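**Student:** Can you keep this structure in mind? I'll have questions shortly.
The values are calculated or read from the model by the stated rules, or taken from the named source; none is laboratory data. Note that this is a predicted model, so its numbers are computed, not measured. Neighbour counts run over all protein chains shown; Cβ positions are idealised from the backbone, glycine included. Each accessible area value is taken on the protein alone, full model and side chains, heavy atoms only, with ligands, DNA and RNA left out. Shrake-Rupley method; radii C 1.70, N 1.55, O 1.52, S 1.80 Å.
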Amino acid sequence: PPPPPPPPSTAPQQTPPPASHASGSTEPFGRAARVPSAPGARREREGRAAVEGALRRHLRREGEPHEPLLIFPEGSITNGAGLMRFARGAFRLGEEVQPVALRVTCPLPLAHDTLTSSLPRNFARALFQPWHVAEVTLLPAVAPAPAEAAEETAARTAALIAAELGVPATRW
């Protein structure tokens, strides 16, 4: 005779994600947004490689004075409640970076919500501010440790700036 069936499990059953989220991703387009063969992905890779190559050539020019690079690794401005995750591109160059903590305040209580407001709305609010106060703090230079990934150097740099500004360094 065949063996008896196993007793029913009391563990909660996992339902598979919808087809558009088959990868477990929370992105609306699932894996297609990250698959290298997706339309535009090749151009994006080529564009990033071209920018990285130009930055490397700029940094490696021997005997010529060159301007320092100014890169905003957050890629955007925020409302000041936290520091967004740094893009690793600037840190992939393997060079020492000079972190700068930038705090901008406005004299009037006009709320800026850069994440949900449109560019024209933020621009209009800025026009009604008679001035802005910018506080710039130069922090100790950060050099990548031997065999440290760009993501780790970026996270160390973000933590340093976040501590100076008194805000959390987020992973978003």
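**Student:** Limited to region 147-159, what total is found for residues that are within 18 Å of the chain's Cα centre (by Cα), open to solvent by 30 Å² or more (accessible area, probe 1.4 Å) and aliphatic (A, V, I, L, M)?
**Tutor:** Qualifying residue count, region 147-159: 3.
**Student:** Now a separate question. Within region 117-146, can you find the residues that are more than 30 Å from Q98 (Cβ to Cβ) and within 21 Å of the chain's Cα centre (by Cα)?
**Tutor:** Residues satisfying the conditions are S117, S118.
**Student:** Being modelled with pLDDT under 80, polar (S, T, N, Q) and open to solvent by 90 Å² or more (accessible area, probe 1.4 Å) is the filter here, so list the residues in region 83-127 that pass it.
**Tutor:** Scanning region 83-127 gives a single hit, T116.
**Student:** Still on this model: For P130, only one of the following conditions fails: (1) open to solvent by 80 Å² or more (accessible area, probe 1.4 Å); (2) part of a strand (DSSP E or B). What is its number?
**Tutor:** In the conditions (1) open to solvent by 80 Å² or more (accessible area, probe 1.4 Å); (2) part of a strand (DSSP E or B), P130 misses (2) alone.
**Student:** Looking only at region 51-65, how many residues end up being of a type outside the set (D, E, K, R), open to solvent by 60 Å² or more (accessible area, probe 1.4 Å) and either in contact (Cβ under 8 Å) with a residue 60 or more places away in the chain or on the phi < 0 side of the Ramachandran plot (or both)?
**Tutor:** 2
**Student:** In addition: May I ask you to say which residue of P73, P68, P144 is in a loop (DSSP other than H, G, I, E, B) and exposed (fewer than 12 other Cβ atoms within 10 Å of the Cβ)?
**Tutor:** When all the criteria are applied, what remains is P68.
**Student:** Continuing with the same structure: Restrict the check to region 33-53 and report whether at least one residue is at pLDDT 85 or above, closer than 30 Å to G166 by Cα and part of a helix (DSSP H, G or I).
**Tutor:** No, that holds for no residue.
**Student:** Can you confirm whether region 142-150 contains a residue that is under 15 Å from I77 (Cα atoms) and not hydroxyl-bearing (S, T, Y)?
**Tutor:** Looking through region 142-150, none of the residues is under 15 Å from I77 (Cα atoms) and not hydroxyl-bearing (S, T, Y).
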